[in-house]
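In what follows, a single structure is set out as structure tokens and then discussed.
Here, each number is a calculation from the coordinates, and none is a lab measurement. Model, not experiment: these values are computed from the prediction. Don't worry about glycine lacking a Cβ; one is built from the backbone with ideal geometry, like all the others, and counts go over all protein chains shown.
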């Protein structure tokens, strides 16, 4: 599952690649778009996206980022009971998740 910043970065890179004919953004462009104060923050964020398997990069090359097309952020299916009200996580189609009351067993 991606954090808010990781999803924001992933979406920015994906959109940039689509808008610029397959060319990925530079670290400077990502830094400016996400309002980071240093390229180190961008590097850590890209490392995290790579660890989660949604992004691939070739080391020591500029603009060498690639969105892995089959990967999508995973949303865990969680059930729990609190005061006799069961809730579970559902994905709403755009990668976001929300808790909804359990009316019948999710299938």
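Stretched out fully, how many nm does the piece from residue 58 to residue 23 gain, at 0.36 nm a residue minus the Cα gap?
11.3 nm
Quick one: which of 17-25, 46-54 comes out on top by average Cβ neighbours within 10 Å, and what's the full order, highest first?
Descending mean neighbour count gives 46-54, 17-25.
What ranking do 45, 34, 2 get, fewest neighbouring Cβ atoms within 10 angstrom at the top?
34, 2, 45
Please report the Cα spread of segment 4-67 along all three principal axes, rounded to whole Å, starting with the longest.
Sorted largest first, the three principal extents are 27, 24, 22 Å.
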